[in-house]
1. Is at least one residue of the range 483-496 modelled with pLDDT of 95 or more, open to solvent by 90 Å² or more (accessible area, probe 1.4 Å) and charged (D, E, K, R)?
2. In this structure, is D384 among the acidic types (D, E) and open to solvent by less than 20 Å² (accessible area, probe 1.4 Å)?
3. Tell me, which residue of the range 531-555 that is touching a strand residue (DSSP E or B) at 6+ places or on another chain (Cβ under 7 Å) and of a type in the set (G, A, S) is modelled with the highest pLDDT?
4. Before we move on, is E660 in a loop (DSSP other than H, G, I, E, B) and under 25 Å from R211 (Cβ atoms)?
5. Is there a residue being of a type in the set (K, R), open to solvent by 10 Å² or more (accessible area, probe 1.4 Å), part of a loop (DSSP other than H, G, I, E, B) and at pLDDT below 95 anywhere in the range 687-694?
6. So how many residues does the range 372-386 have that are in a strand (DSSP E or B) and farther than 18 Å from S172 by Cβ?
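The values are calculated or read from the model by the stated rules, or taken from the named source; none is laboratory data. Quantities reported herein were computed from a predicted structural model and do not represent experimental measurements. Here the Cβ is made from the backbone with ideal geometry for all residues, glycine too, and neighbour counts use every protein chain on show. Only protein heavy atoms, including side chains, enter the accessible area calculation; ligands, DNA and RNA are left aside. Shrake-Rupley method; radii C 1.70, N 1.55, O 1.52, S 1.80 Å.
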Amino acid sequence: MEKICSFFLVLLFAVVLRGSGNCKDGEGSTGEFAGEAETTDGSITGDFSGEATSGRNAGGFSGEATSGRNAGGFPGEAASSSKAGGFSGETTSGRNAGGFSGETASGRNAGGFSGETASSNIIRDFTNEAETGNSTGGNETELVLDSFEPGYLQLPVTIPVQLSANFGVIRSNSLHAGIDIRTGGRTGEKVVAAAGGYVNRIAVSPTGYGRALYIQHPNGLVTVYAHLDEFEEEIEQYVINEQYRRRSFSVDLYPPRGKFSFSQGDFIAYSGNTGSSSGPHLHFEVRDGATHTPVNPLLFNLNIPDNRPPVIYYLAIYPLDNNSFVNGSRESLILPVTGGNGRFRINAPVPTVHGHIGFGIKANDYMDGTWFRKGPHSIELHVDREMVYRYEINRLSYSEMRYVNSLIDYRERVLNSRNIQRLFIQPNNNLNIYTSHKNRGVVSFTEEGTVPVRIEVSDVAGNSSALGFDVNTVPFPAAPETRVPGNMPENFKMIMRYNSPNNFTNDMVRVSIPEGALYDDIMFEYKSTGMPDGQGTIHHIHNRYTPLHINYNLSLRADTIPPRLRQKALLAYVVKNENGNINISSAGGTWNNGYVTGRTNRFGKYTVAIDTIPPEIVPLNISGNRDMSGENGIRFRIKDELSGIGSYNGYIDGEWVLFEYDAKNDLLFYHFDPGRIGKGKERELVLKVEDRRGNESAYRVNFLY
């Protein structure tokens, strides 16, 4: 039974009660950016603007033929191997299928797995986790990249290589920490060790990197292999044993040193589509083991052909304070760029500027034989023949990834799905990619005249492109300087400074934003409006076009919720879908002292919702007294529309069994293991699924196996 939001019950101060009807919970298929998925804490994960990561349809569906073990299962699919996945008419394999490609790594103890014995499959969201590991400060010494002999690392696959994403390409809330190697829309391709070493970590998660393997090398490098379908046999059995011991599908394991050792080129796993992958591919990383920071794998002479220069699509010019103008306006100017073969220009009258000005561009890189979009390796800005800004992406720190929201023009991305990179540095942008800048890339234009500007974009192979243009500086009467941009917003409440804590409170809402959460000062706005049907209140917390670097505390008044429903209350993020209907999605939080309080990392529209409906369990290939001897497993679809799946556990004849969860496709599946449960008798299956508000569903069935 699909959970539907049909009405909002007013509990005096706009408390929303979820029931049944015609308004679906959640943000639908787009989120704030095209193609994104949302996590239950309100953060955004995934790949964006509809870009396919790999596979024919970027989801591995619609008639694709794949090999190996797969997850899911729909009537009518053709399969020749142990599988549990796919859509009608599809031949598939691989442990999971579909989803999103914006992956991040989880660190030691991230999610609470290392060394724990879990009692249930509690769902932990890895998609926004940072690699923790050891401290990156202190006396740790970074590896010198040019000290490695060519050939020290080899490509981790044995098939011809094309990349669907490179190191540093922009993702939602992150920069890509590795390279994505296409596998022809198939899972089950052999993955080999890029260099000799031992496995120092194995992680399995329904989100993020899915099934991932980490190999420590003697020279201090660590290589990472993610979205795998299946590990090498000994590792696979070790992982399954640990999953049963911990009674958890999600595990984060650190085998004893030397337990699993490999030479360069040895088989270690099969490629897959697990976790938050948008299609079959191998995500490959190289990390500095001392600092746990990802390093650009293409710096290691992997011999991937690239003779194509980057392409520049748009130029942006920004007035940065009230005394600055572009073409007589305080609004930014975005111009299309034309050209090719490394030389680009704008087909527009020479822009006029005055005051403090910033520039930006949208540029992609491409490699031989593919039109998958990559990110530039370096960008330089020259004004009047002087370099005023430069970045180069060789290393990335997980603790800094979210600064990408300051690197880009976040508003332009939300409005138009365009990744325009700022060529100036906001006050609280601490990315470590900036190698040179003058005045943070902000240029002061005050003396009349024509000034030449040149922007150079390069890839890691040395191919480069340039955009040249002029700007005319025009006079403007002097005025007291202010860093607050634009005119006073209609719902302005206070100026919030990026370098201090900020608090806003009224009778209905409390907003507490810590120092360092903002990238620049803002003119904070707030208003409240009613739901379209007149039942309920929406709190407009600033606007969704302004990014935040870290979480802030949000409390909405909900003192009229009856005691029996308080534990079911949560914050809900509110959006209108393309049809104008209201959708809500969970932003977490708990009821306390008359308020529902939670931590979130985005501004926008919020309300209070109550989740009283348990998850939905739909059997896909099992029914009462069915003989399952000819099947390789049991498959279910599980779904919860608001607070999200919190935990799941399956039992056969009273014994816990390993159900694997493909979160992006809402699929839960168990592979029959005769060595553990035997064969040839009538059995009872009990499956229990609980959401994040304690609502539980149970499915019981007898079957033969």
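1. Scanning the range 483-496, I find at least one residue that is modelled with pLDDT of 95 or more, open to solvent by 90 Å² or more (accessible area, probe 1.4 Å) and charged (D, E, K, R), so the answer is yes.
2. Working: among the acidic types (D, E): yes; open to solvent by less than 20 Å² (accessible area, probe 1.4 Å): no.
No: the conditions fail for D384.
3. Residues of the range 531-555 touching a strand residue (DSSP E or B) at 6+ places or on another chain (Cβ under 7 Å): 531-532, 536-544, 546, 548, 550-555.
Of the ones still in play, those that are also of a type in the set (G, A, S) are 536, 555.
Numbers: G536: 76, S555: 98.
Only one residue fits best here, namely S555.
4. Details: in a loop (DSSP other than H, G, I, E, B): no; under 25 Å from R211 (Cβ atoms): yes.
Spelling it out, it is not the case that E660 is in a loop (DSSP other than H, G, I, E, B) and under 25 Å from R211 (Cβ atoms).
5. First pass over the range 687-694, keeping only residues of a type in the set (K, R): 688, 692-693.
Going one step further and asking which of them are open to solvent by 10 Å² or more (accessible area, probe 1.4 Å), we end up with 688, 692-693.
Next cut, part of a loop (DSSP other than H, G, I, E, B) only: 692-693.
Right, trim to at pLDDT below 95 and you get none.
No; the residues of the range 687-694 include none that is of a type in the set (K, R), open to solvent by 10 Å² or more (accessible area, probe 1.4 Å), part of a loop (DSSP other than H, G, I, E, B) and at pLDDT below 95.
6. Taking the range 372-386 first, the residues in a strand (DSSP E or B) are 374, 378-383, 386.
Going one step further and asking which of them are farther than 18 Å from S172 by Cβ, we end up with 378-383, 386.
Looking only at that region, the number is 7.
Listed here are the residues, each with its yes/no results for (1) in contact with a His (Cβ under 8 Å, 6 or more places away or on another chain); (2) open to solvent by 20 Å² or more (accessible area, probe 1.4 Å).
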{"site": "Y519", "(1), (2)": "yes, no"}
{"site": "T546", "(1), (2)": "no, yes"}
{"site": "N551", "(1), (2)": "no, yes"}
{"site": "L554", "(1), (2)": "no, no"}
{"site": "I561", "(1), (2)": "no, no"}
{"site": "E578", "(1), (2)": "no, yes"}
{"site": "I582", "(1), (2)": "no, no"}
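Rundown of residues vs (1) exposed (fewer than 15 other Cβ atoms within 10 Å of the Cβ); (2) without any contact (Cβ under 8 Å) to a residue 12 or more places away in the chain; (3) in contact with a Leu (Cβ under 9 Å, 6 or more places away or on another chain), yes/no style:
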site	(1), (2), (3)
L642	no, no, yes
G650	no, no, yes
F659	no, no, yes
F672	no, no, no
G678	yes, yes, no
